[in-house]
Every structure is written in structure tokens, then in C-alpha cells.
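The values are calculated or read from the model by the stated rules, or taken from the named source; none is laboratory data. In this text the structure is predicted, and so the values were computed from the model without any measurement. With ligands, DNA and RNA removed, areas are computed over all heavy atoms of the protein, side chains included. Shrake-Rupley method; radii C 1.70, N 1.55, O 1.52, S 1.80 Å.
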Amino acid sequence: MPAIAIIGAQWGDEGKGKATDLLGSRVDYVVKFNGGNNAGHTVVIGDEKYALHLLPSGILSPNCTPVIGNGVVVDIEVLFQELDALIARGVDVSRLQVSANAHVIADYNRSLDKVTERFLGSRRLGTTGRGIGPTYADKMNRIGIRIQDLFDAGILRQKVEGALELKGQILAKIYNRRAPDVDAIVEELLSYADRLRPMVSDTGLLLNQALDRGETVLLEAGQATLLDVDHGTYPFVTSSSATSAGACTGSGIPPMRLDQVIGIVKAYTTRVGEGPFPTELDDDFGEHLRKVGAEYGTTTGRPRRCGWYDAVIARYAARVNGVTDFVLTKLDVLTGLEQVPVCVAYDVDGVRHDEMPVNQTDFHHAVPIYEYLPGWWEDISACRTFEELPANAQAYVRAVEAMSGARISVLGVGPKRDESIVLHELI
């Protein structure tokens, strides 16, 4: 069986958790392959609501093995807090596997993240302050700490000392913060080793062997295409690869085994943090989308910036990722609008752009060109077939599909697990 990737096709918060959970009972492994606890998924099962930050959504499916891949950066304290919270609610977490090659977020990475953002002032990037970027920087600078290092006290101390030779000076002399204590950091990290050890494995080998046996592997992205460090709206991006290509490097699965890419898009658009956002609404419509859609960050609680659906971005994400199927979420949030604008192109200084502008300056100055579609007033949360939707809702879906570069296979009509319409089976 091939591997399947689930990718955010906007700026994140599209509902990847629900999409993953929708498939979780039909797959054998769910892999988080990038990011850390800087983004979250909210999954609603019956009357139970689960907010996941570091753990893959597959943790909630009893017959599925959840995996934290090598492309993830792990705050171990947060990992254990999430596991304990789920255990307290009766969730079996014993199947979790963590890559020995995943990198560890140390306390000094969190400190650097926070003080750097404050130092940047108006030029800040809007990070969560959880140490994600500095940890990925350590990885690329080859001074990072990996999960496997926690099982060798000598190696761990050498790595912490090496990292702090420069970072201690930066924190103390540039940011006027107390230099981190090597002993304290090593002691904290070693305290996690015994509990962590049974979860750690060669997850790349594990996943490839699963595919050899004919099992299904679902690869779940954190963040989204427009936040990808290479293909996103740089520099207002995350520090990892959130595209389908990142699914391979972050899991150890080769590209030829990735056969399906599911892109998740909201029926409108949201963004958290700084950076350009052509369809952003600073009016009552924006507030309406935020309120009805409960658009507040799962991890940070920050209100999300809201805007209309952007077909230019959807086409870009379809191209970059090789999207085979879209899942269009939160269609129900658009109920009650007289008309629904959809961005079909941009105007940049009088020039029409049907695709993403090639440079950042043009994208900053992009003015959306809208097509206006008729709205609907009927409650659609109980609809389970496409034909049950109001005619105008059906027309909206078909129009958006034609503009977005791939077929729409699933519609989200409410937050709960069963509030979905399947147009084409994903597996």
C-alpha cells in the first residue's frame, strides 16, 4: 500500500486534525512529520473535544499507531503533559512511537525564541515563542540535541556545552539574560530518559516495513503550505517543511511510496501571526467569520485573522504539493451570508495575476479580484450527501473546485467527527 499525506493548503488551521481523525480508523499508522508544539489540532468525538499540540491525531484512534517522525522538534515536557492529559481521559497512548532522530527543544531555545521576537519589535515574525525556530536552526547548524542523545549522558553533556558556548554569550551579553546552566539543562533532559525510552525507535524502518506488509501510513503535516520554509510567504513562515516533500524527509519514507496527497482548505481563509494576507477582512464580515468559526488558535488562543476563500493560494498549494484530493472544511460557517466572495486573481499595480506573484513585494501589494457567489440560509450541519445541500451551497462547492486545481472529495459541514459529506472516498 502507498503512503498518504495530509497537507494544509492555506496558512494552517484548516481542519487537518478532523481530516486525519476521519481516516484514522481506516489506517494503520499516523505520522506527524514536521513542526512541534507550535500548532494544534482540535478533534471533536461525540461530546468530547480534544486539543492536540505535539501528538498526531491518530493517538485518538484505538487501532492506529501514532508516530512522531524525525522531522519533528520535541518539547519533552509538553509531550508528557499531553500524554498524561489523554491518559486521564481514558485514552490508550501505549502505541506511540517517537523517532530516535527527532530533535529536542531545550530550555535555551525557548528563551532565545521569546527574547528575539521582543527584540525585533515591529519586524517580529509572530512566532509562538516555543523554541521551534531556534531548535531547527541548531539542527541545521549541526549543534542540535536528538532524542537518542538523552540515553548517553556523556554525549548529551558535550552537545549542551557545545550549543551554549555561543548561545550563553548571546543571551547574557546581547539580551541581558542569565546564561543557561549546563548542569541544570543536562539534569532536566536526563530526567525524561527512562519514561521516554520505551517509545523510541527507528521510525523510518518501522514505517517502511509497515508499507511492505501492505499497511496504510498517513502522514500528517503541522502548519501548512503557505507557512513552509521554502514555499511559503517567507519570512513569515515556520521553520520546517510543511509540504508533501517534507512528508518524505520528515518520516524516512521515500517519494515513490507517496501515492496520494490530500490538501485541506477552509471554505474561507485564516492566518495567525504576521505577514501578507490579500483577502483579510478588517470589518464586520471578518468578525463574523471569526465568531461563527470559533477562529482562535488551538495552541496559543490568539484570534485568527479571517478573510474570504483565495483560489490563487489553493491552486498554488495544489501545484506545490501535487494535491490529488481537497477536503473543504467549515462550509457551514458561510451559512447566512447573502453572497460569498471568492478571490479568483490579484491586481498588483494594475496588472492581473492569476497565479502567486513571484516576489514578496508584489504579494504584499496584491489586491484581491473577487467573484461573488450567491449565499444560502439553510442549516447544513445535518446534511450527509451532496444532494442534501442547498442549491447555492452546491454551486459554491463546484465553483471553488473548478478554481482550485484538484477535485473536492470531502466537505466539512460541522465540527464533529461525523459532520462530513464524502463525495469521493479517500482510501
Quiz item: GNM, the chain, Cα, under 10 Å: largest mean-square fluctuation among LYS330, LYS16, LYS167?
Solution: LYS167
Practice problem: Report in % the part of the accessible area of the chain that belongs to carbon and sulfur, leaving out ligands and nucleic acids; probe 1.4 Å. | Solution: 50 percent
Practice problem: Please work out the Cα center distance from the stretch 141-193 to the stretch 363-413, rounded to the nearest Å. | Solution: 50 Å
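I'd like the per residue volume of the convex hull spanned by the Cα atoms of the stretch 127-224, given in cubic angstrom. Display every interim value, and only then the final one.
Numbers: hull volume 14.1 nm³, N = 98.
It is 144 Å³ per residue.
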Exercise. Starting at the first residue of the stretch 345-355, write each ³J(HN,Hα) from the Karplus equation 6.51 cos²θ - 1.76 cosθ + 1.60 with θ = phi - 60°, in whole Hz, x for Gly and Pro.
Key: 6, 10, 9, 10, 6, x, 10, 7, 10, 8, 10
Quiz item: What span do the alpha-carbon atoms of the stretch 334-427 cover on each of the three principal axes, reported in whole Å from largest to smallest?
Solution: 45, 34, 21
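Whole number in Å², please: accessible area per residue of the stretch 1-103, 1.4 Å probe, ligands, DNA and RNA not counted. List each step's numbers first, then the result.
On the way: 3040 Å² over 103 residues.
On a per-residue basis, the stretch 1-103 sits at 30 Å².
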Quiz item: Roughly how tilted is helix 311-321, in degrees to the nearest 10 and between 0 and 90, from the longest Cα axis of the chain?
Solution: 50 degrees
Quiz item: Which entry in (1) 175; (2) 137; (3) 164 is this structure's computed volume of the Cα convex hull per residue in Å³?
Solution: (2)
Quiz prompt | Between helix 107-120 and the chain: long-axis angle, C-alpha atoms, 0 to 90°, nearest 10 | solution = 50 degrees
Quiz item: Give or take rounding to whole Å, what are the principal axis extents of the alpha carbon atoms in the stretch 197-349, in descending order?
Solution: 52, 35, 31
Quiz item: Under 27 Å from the Cα of LYS18, which lysines turn up, not counting those fewer than eight places away in the same chain?
Solution: LYS32, LYS49, LYS266, LYS291, LYS330, LYS416
Self-check item: Per residue accessible area in Å² of the stretch 366-413, where ligands, DNA and RNA are left out and the probe is 1.4 Å
Solution: 46 Å²
